[in-house]
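Just below is one structure, and these are the notes that go with it.
A short reminder: the numbers here are calculations on the coordinates, not readings from a lab. What you see is a predicted model, and the numbers here were worked out from it, not measured in a lab. Reconstructed Cβ throughout: ideal geometry from the backbone, glycine too, with neighbour counts over all protein chains shown.
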Amino acid sequence: MNGLDIHGLRVAFGRNELLKGIDLTVAPGETLVLFGPSGCGKTVLLRAIAGLEPAARANVRIAGRDVSTLGPESRGLGMAFQNFALYPHMTARENIASPLQARNVTPADIETRVNEVAALLRITHVLGHSPKELSNGQKQRTALARALVGKPKVLLLDDPLRNVDAKLRYEMRLELPRLLRAAGAATIYVSQDYREAMGLADRVAILLDGHIAQLAPPEEIYDAPNSVKVARLFGDPPINLLPCRPVAGPRGVAVSAAGWQINLAVERGAAGRSCLLGIRPEAIALSQSEQPGAARAQLIATTPLHERLVVLLRAATGEEVVASVLGAVPPPGSAVWLMADTTHALLFDAESGARIPAVAQMVEHAA
């Protein structure tokens, strides 16, 4: 393994074991987004990899070298933080150069490498400025340049876009994949924003309850989450989870929920179990007239979200359903019909939360 290899990483504070045996590998040039709710241990995991967490126990290998007992200065990695962590008494140039000076790199080489990374991040014009003279975007790029200047084998980025404005976050989501590919490091990028994870990651690692709950490409995490907990993390608005009890059918199991009758090609063992039917809000369309396979509902409220409208509805069977639609909708109180594209409908066991894999689905006429 020429990138990053972590085995059995554990972190405990007293009797509270926060990380319970994490195994991860990240290849050179790969960006792995570490995703999970606040407080789940994402930053602690990065600190453990960097050698900054005294409570950590793990086998850590970087470019095939065991660095488990080495200090952070000897591990050959770069790190950038969400609060930038720039030295206030140094210029941007001096901040970027500081890791190279600590390694006794020659002044000429420092000058060359600082200028190269500054050009890559488009901050050459502010190298002489102190941090207080920089915008948040320039601070973020300076911190990233400092992490990259040493050409590290491993790059650890702790939610670096969290404290910049929405416009810059959008721009940097477009730009970061190019920068990270150019760096060629094995990168772990911490985020709490699922859109950021979808846009930046080659793979996503979901951290929940001290374990990696799922590790997969972002499209797979979104389309085939392996549990209810993972499904709820990805999506805005969140996925609809409708109680149901499937019955055996000619093509797997038949599910009745919110007035829809849906056939799912899943194992027949799901029949008779208490389950949850998962349908993404963007998979639901509204009509003011009855349509084949549609379910009757009442429109309760709407709210804009980006270019779409989020619509809260109450099905005739009593369940609340959220849809995310383009275009105008009728006023609250109106009767509507809900059509669901169930190509990617999901079925979960209600007790365990585990997803029951579905091969194909079909909507039939509503009851």
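Annotations for the structure displayed:
- Overall size of the range 236-364 from C-alpha positions, given as principal axis extents largest first: 42, 28, 23 Å.
- For the chain, a crude dipole built from +1 on the beta carbon of Lys and Arg and -1 on the beta carbon of Asp and Glu, taken about the Cα centre, is about 660 debye to the nearest 20.
- Two-site FRET efficiency, residue 192 against residue 66, from Cβ-Cβ distance with R₀ of 45 Å, rounded to 0.05: 0.90
- Dipole of the chain, positive direction: furthest Cα of 204, 300, 249, with charges on the beta-carbon: 204
- For residue 7 and residue 83, the difference between the fully extended length at 0.36 nm per residue and the C-alpha to C-alpha distance is 24.5 nm.
- Distance (nanometres) between label positions extended 7 Å along Cα→Cβ at residue 220 and residue 165: 4.0
- Cα-based Lys pair tally, the range 44-201, threshold under 25 Å, eight or more apart or on separate chains: 4
- Column: log10 I(q)/I(0), Debye, Cα scatterers of the range 68-112, q = 0.17 Å⁻¹: -0.60
- Sorted by Cβ density within 10 Å, fewest first, the residues 189, 87, 194: 87, 194, 189
- Projected over every direction and averaged, the convex hull enclosing the alpha-carbon atoms of the range 125-199 yields 5.3 nm².
- Share antiparallel - DSSP beta bridges, the chain, percent rounded to 5: 80
- 10 Å-binned pair-distance histogram of the chain (Cα, whole percent): 5, 21, 25, 20, 15, 10, 4, 0
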